[in-house]
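Some notes on the structure that comes next.
The values are calculated or read from the model by the stated rules, or taken from the named source; none is laboratory data. As the structure is a computational prediction, the values presented were derived from the model and not from experiment. Heads up, the Cβs are rebuilt from the backbone with ideal geometry, glycines too, and the neighbour counts pull from every protein chain shown.
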Amino acid sequence: MDNKSVVESIDCGVGQFEAEDTITVEDVVPLFDLADYPKEQHELLKECNRRIDEANSKYRIAKFREDMFAKGLKAGMYFCTFDRDENLLSFEFNDETRKMLGYEDLEDLPNEFDSWVKTLIPEERDGIVMLFWDSIRIHRDLPDITHATYRMQKKDGGIIWVTGAGRFIRRPDDGSLDIYGLL
């Protein structure tokens, strides 16, 4: 699918889709500037920079998780991880999501992508799922925070509108992706 058709599916999808910029985490440790040191120290400094960069990446992810956790404390929330090729590795709901949808526990609504799919309104399911996968495919071209408004079906058959706010957390060290979503 080319980017034009992806954008059209986002613009013309069943739900409403928006995006916003993320918070900026600026309080990370600066890297060493190799130009400030003798050439014989460069290999050591490169290793130091690699370790500092790795620690900074972990710090940024922890700050994003903390921010999303604080926002999602009393909201429905899901979390999913992807490898560097955008293959889904895990999908989890928090307990508030289960309660909001009328489910009791993990056995009632397992931590699986298909569980989320089954809660979507049948007539809208394909469009919402396509919107989800389109946003994963072009996540590098999107701001870090996206919003989608759509309907979900509760266990008892009732319907609720949700506005999901998802945050993309891209890991520069291994190219993987985490998404935190609030409902």
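Results, tabulated for the structure shown:
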item: Answer from A70, A62 - the residue that is assigned to a helix (DSSP H, G or I), at pLDDT 60 or above and either exposed (fewer than 13 other Cβ atoms within 10 Å of the Cβ) or under 14 Å from the mean Cα position of the chain (by Cα) (or both); result: A62
item: Positions within the stretch 139-150 being within 17 Å of L177 (Cβ to Cβ) and out of contact with any Leu (no Cβ under 7 Å at 6 or more places or on another chain), in sequence order; result: R140, D141, L142, P143, D144, I145, T146
item: D178 vs. criteria crowded, with 16+ Cβ neighbours inside 10 Å, in contact (Cβ under 8 Å) with a residue 24 or more places away in the chain, under 30 Å from K58 (Cβ atoms) and in contact with a helix residue (DSSP H, G or I) (Cβ under 9 Å, 6 or more places away or on another chain); result: yes
item: In the stretch 125-153, residue farthest from D85 (Cα to Cα) [restricted to those that are of a type in the set (D, E, K, R) and in contact with a strand residue (DSSP E or B) (Cβ under 6 Å, 6 or more places away or on another chain)]; result: R151
item: S9 in contact with a Pro (Cβ under 7 Å, 6 or more places away or on another chain) and either surrounded by 10 or more Cβ atoms within 10 Å (Cβ to Cβ) or at pLDDT 85 or above (or both); result: no
item: Any chance W161 is without any contact (Cβ under 8 Å) to a residue 24 or more places away in the chain, touching a strand residue (DSSP E or B) at 6+ places or on another chain (Cβ under 9 Å) and either buried (at least 20 other Cβ atoms within 10 Å of the Cβ) or of a type in the set (A, V, I, L, M, F, W, C) (or both); result: yes
item: Complete set of residues in the stretch 85-138 that are hydroxyl-bearing (S, T, Y) and under 22 Å from S176 (Cα atoms); result: S90, S135
item: Condition check for Y78: in contact (Cβ under 8 Å) with a residue 12 or more places away in the chain, of a type in the set (F, W, Y) and within 28 Å of G175 (Cβ to Cβ); result: yes
item: Candidate set from the stretch 33-59 (those that are at pLDDT 90 or above and either assigned to a loop (DSSP other than H, G, I, E, B) or among the aliphatic types (A, V, I, L, M) (or both)); member that is surrounded by the most Cβ atoms within 10 Å (Cβ to Cβ); result: L45
